[in-house]
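The structure appears below as structure tokens.
The values are calculated or read from the model by the stated rules, or taken from the named source; none is laboratory data. Treat the numbers as computed from the prediction; the structure is a model and nothing was measured. Cβ atoms come from the backbone with ideal geometry, glycine included; neighbour counts cover every protein chain shown. With ligands, DNA and RNA removed, areas are computed over all heavy atoms of the protein, side chains included. Shrake-Rupley method; radii C 1.70, N 1.55, O 1.52, S 1.80 Å.
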Amino acid sequence: MIKNKQKVEWITRPYDPDLVARLAQQTGVEPIVVQTLIGRKIADPSSIVNFLAPPSLSRGLYPPHRLPGCQEASEFLADAIRADKKIVIYGDYDVDGMTATAILLKAIQTCGGKCGYYLPNRLEEGYGLNCEALKRLREDEGADVVVTVDCGIANLDEIQYAKEIGLDLVVTDHHTPLVDEETEEQILPAADAIVHPRLQIEGAAPYPCPEICGAFVAFKLAWGLGLAMEGAEKTSAEMREFLIHAIGLAALGTIADVVPLQDENRTLVRYALENSFVHHMPLGLKRLVEIAVSNPNKKITSEDLGYTLAPRLNAVGREVLTENSLHDQEDHENWLYAKSLLSNPSRLASAGQMGLAMLGVELLITDSSARANELAPFINNLNATRQKLERRIMSDAVKMIEENYVGAPAFVLASYDWHPGVIGVVAGRIAERYYRPTVMIALREADANAGSARGVPDSDFNLYDALNYCSEYLARFGGHAAAAGLGIKEANVDSFREAFCAYVADAFPPKERVPKLQLDGEFPLSCANMQTFGELDRLSPFGAGNPRPIFAAYGVSLVGNARRAGGGKAKPGSNQPPAPGNVFNGRFRQYQSEVRAVAFGRGDWADQMNEIVLNDPDAKFDVAFQVVYSDYFKQVELRLQDWRVAQ
């Protein structure tokens, strides 16, 4: 039996044809682009022209002294370099943390400093600073200064300990600082310097673009350090060349951390895509592009960064290969290779738990072609391991929901068979699929279990508030309105589920649990051509805060049968049929125009549409889609977002 398609509410942004025509005439910009920008609150001639203008670093990036704490930290690090102190960058195991680590490491080396790096093991140490690692860096590695990137702002106790054992600390972070509930003042660690876009400094204006990622914060500090070393308004020529290279790493961190592509974030990413990734791509990253990107000779896009490169680098930080997580011969072979790579780490990597994330940083900084050729294929293969884990966990989670929780207002799912490094990705997919807040818990032992929580996309539901309401059942939690992490005792899971679902039932009632799709306007299929695609592509780079436009065409016909693509192959000697493809592949016709459409992860749509047409050969559909260019087929096509029987 074919399941009915989930109902989605389509919301079309307001359309004022007179305003569109007037702005198009004033700016010389195509009406469809103007219409899209108006829907995104960019609705005056100068704003439209500035948004579409080529990126300018001098006009588009705020100088480092405007970032709170950056000037003080720059001068502190410059003094440490001149004093020949050993500096260690203490990073994080996600892409933002890896790129931030690589940027500051290379910046300090470019300035003549002695510098190494340390990344905690996700499974053994968890996020942020820990006292054991700080002690090891001080006593065994001889570190004088520790610089945190993408972490540290909430590590009050650990930083106090670091000071007690003789370490100097510079904190660079972008996560939310702790706040005193009574005074509403920030509670900050006792570091020697703190760089943070939301740092409150008496008498200072707020930073104009607070939504920057950890790698961009690191880039600003690297820029400021270059200025401090010269004692001038310009950096050295060598440092300036490095910063142009580093823009690419900061852009990769920006895309991976899903911060809004607005203001200086947009300038940064546009410049990286048009310059840094064209002329200055790091050797290891270039090798990964050659392996992973379908057409490595084409211009890299923000979607390549977000959907191809970032997941591969994140896979190493998720520690998807461990001694206890091997499921088949392929896993065993990859694990042996991983151990061989870790047995010969970069000389800049500080000893410790030696998680795989260390290899991600090494890929970004290596100057050795031989090492790049070792690391890039391994990291690419590791992503396949991650995908395999995610598919298995996703299947388990869906089965749990369908058998036990199908009518629940939210999902709290737990299993001993789940890997803590990938449950966050799966929780996000569950939340998107069912439009319910989702918490997934990887059970490991009675008293200490890690969980990942995800809110509902494009809704007003605040996940952080929900967890705060249920905090009596949690050992710890942290995050924001859309995503969070938590720790929980196994004995508290059922009570937490009950409290969490009760909160969601009240705060997110059934009438709000209908997925919503924002449409940028109507788009006849006759406009699906290279000229229109080129005009719409002027809005790029696409990502958070600037999504690729979604349009609708009404009353279209399905040409022939849609089909499922991307299916697996039957295993040799197995009686099991191959897995059905999960990619929708079909063609739509409107009047005389016919266009190919695809939808990844929605093979079921092919079954549903075919059944409708079988029962009613004259059936018409309304389709919502993005206009994209297929590098494989060399044509403009539709990336289907939703559909319905024509109204």
Residue in segment 385-402 that is open to solvent by 50 Å² or more (accessible area, probe 1.4 Å), within 24 Å of Glu124 (Cα to Cα) and not basic (Lys, Arg) present: yes
Out of Gly479, Gly421, Gly428, sole residue that is under 23 Å from Gly128 (Cβ atoms) and either of a type in the set (Phe, Trp, Tyr) or surrounded by 21 or more Cβ atoms within 10 Å (Cβ to Cβ) (or both): Gly421
Residues satisfying the stated conditions in segment 268-285, i.e. among the basic types (Lys, Arg) and surrounded by 23 or more Cβ atoms within 10 Å (Cβ to Cβ): none
Helices (runs of 4 or more DSSP H) wholly inside segment 1-84 containing at least 2 residues that are small (Gly, Ala, Ser): 17-27, 45-52, 57-60, 70-82
Among the candidates Asp168, Asp94, Asp150, residue that is among the acidic types (Asp, Glu), touching a residue at least 24 places away in the same chain (Cβ under 8 Å) and open to solvent by less than 10 Å² (accessible area, probe 1.4 Å): Asp150
Members of segment 132-173 found to be part of a loop (DSSP other than H, G, I, E, B) and among the polar types (S, T, N, Q), listed by number: Asn155
Near pairs, Cβ below 7 angstrom, 6+ apart or cross-chain, from segment 481-505 (on the phi < 0 side of the Ramachandran plot) to any residue that is of a type in the set (Asp, Glu): Lys489/Asp447
Filtered residues of segment 285-333 (kept if outside any loop (DSSP other than H, G, I, E, B), touching a helix residue (DSSP H, G or I) at 6+ places or on another chain (Cβ under 7 Å) and modelled with pLDDT under 80): Asp331
Residue within segment 396-418 that is farther than 22 Å from Glu498 by Cβ, in a helix (DSSP H, G or I) and not hydrophobic (A, V, I, L, M, F, W, C) present: no
Selection count, segment 228-259, where residues are open to solvent by less than 50 Å² (accessible area, probe 1.4 Å) and not in a helix (DSSP H, G or I): 4
Residues (in a loop (DSSP other than H, G, I, E, B) and surrounded by fewer than 18 Cβ atoms within 10 Å (Cβ to Cβ)) located in segment 446-473: Ala446, Asp447, Ala448, Pro457, Asp458, Asp460, Asn462
Test: residue in segment 99-113 that is over 17 Å from Trp223 (Cα atoms) and not β-branched (Val, Ile, Thr): no
Qualifying residue in segment 42-64 (condition: exposed (fewer than 14 other Cβ atoms within 10 Å of the Cβ), among the charged types (D, E, K, R) and farther than 30 Å from Gln531 by Cβ): no
Top-ranked residue of segment 492-506 - restricted to ones that are of a type in the set (A, V, I, L, M) and either touching a helix residue (DSSP H, G or I) at 6+ places or on another chain (Cβ under 7 Å) or surrounded by fewer than 13 Cβ atoms within 10 Å (Cβ to Cβ) (or both), ranked as nearest to Arg444 (Cα to Cα): Ala499
Qualifying residue in segment 567-578 (condition: aliphatic (A, V, I, L, M), at pLDDT below 95 and open to solvent by 20 Å² or more (accessible area, probe 1.4 Å)): yes
Hits in segment 435-455 - residues which are out of contact with any helix residue (DSSP H, G or I) (no Cβ under 8 Å at 6 or more places or on another chain) and either within 30 Å of Lys5 (Cβ to Cβ) or of a type in the set (S, T, N, Q) (or both): Tyr435
Any hit, segment 250-261, residues being within 15 Å of Ser74 (Cβ to Cβ) and at pLDDT 95 or above: no
From Ala599, Ala562, residue being at pLDDT 95 or above and within 20 Å of Glu390 (Cβ to Cβ): Ala599
Long-range neighbours under 9 Å by Cβ, at least six apart or interchain, first residue farther than 19 Å from Pro547 by Cβ within segment 18-40, second in a loop (DSSP other than H, G, I, E, B) and open to solvent by 40 Å² or more (accessible area, probe 1.4 Å): Leu19/Ala43; Leu23/Ala43; Leu23/Asp44; Ala24/Glu30
Every residue from segment 116-132 that is farther than 21 Å from Ala448 by Cα and either among the aromatic types (Phe, Trp, Tyr) or crowded, with 24+ Cβ neighbours inside 10 Å (or both): Tyr117, Tyr118, Leu119
Boolean, Leu129 is part of a helix (DSSP H, G or I), among the aliphatic types (A, V, I, L, M), in contact with a helix residue (DSSP H, G or I) (Cβ under 6 Å, 6 or more places away or on another chain) and more than 13 Å from Gly360 (Cβ to Cβ): no
All positions within segment 553-564 that are buried (at least 17 other Cβ atoms within 10 Å of the Cβ) and within 15 Å of Ala599 (Cα to Cα): Leu558, Ala562, Arg564
In segment 99-121, the residues that are closer than 19 Å to Asp79 by Cβ and part of a helix (DSSP H, G or I): Leu104, Leu105, Ala107, Ile108, Gln109, Thr110
Residue satisfying all of: in segment 174-227; in a strand (DSSP E or B) and without any contact (Cβ under 8 Å) to a residue 60 or more places away in the chain; least open to solvent (accessible area, probe 1.4 Å) among these: Gln186
Unmet requirement for Gln160, which otherwise passes all of (1) surrounded by fewer than 24 Cβ atoms within 10 Å (Cβ to Cβ); (2) touching a helix residue (DSSP H, G or I) at 6+ places or on another chain (Cβ under 9 Å); (3) at pLDDT 95 or above: (2)
Those residues of segment 507-523 which are in a helix (DSSP H, G or I) and either in contact with a helix residue (DSSP H, G or I) (Cβ under 7 Å, 6 or more places away or on another chain) or crowded, with 17+ Cβ neighbours inside 10 Å (or both), in sequence order: Ala507
Filtered residue count, segment 341-376, keeping only those that are part of a helix (DSSP H, G or I) and either modelled with pLDDT under 70 or surrounded by 16 or more Cβ atoms within 10 Å (Cβ to Cβ) (or both): 16
Close pairs from segment 364-389: first among the small types (Gly, Ala, Ser), partner in a helix (DSSP H, G or I) and open to solvent by less than 20 Å² (accessible area, probe 1.4 Å), Cβ under 8 Å, at least 6 apart: Ala372/Gly284; Ala372/Leu363; Ala376/Gly284; Ala376/Leu288; Ala376/Leu363
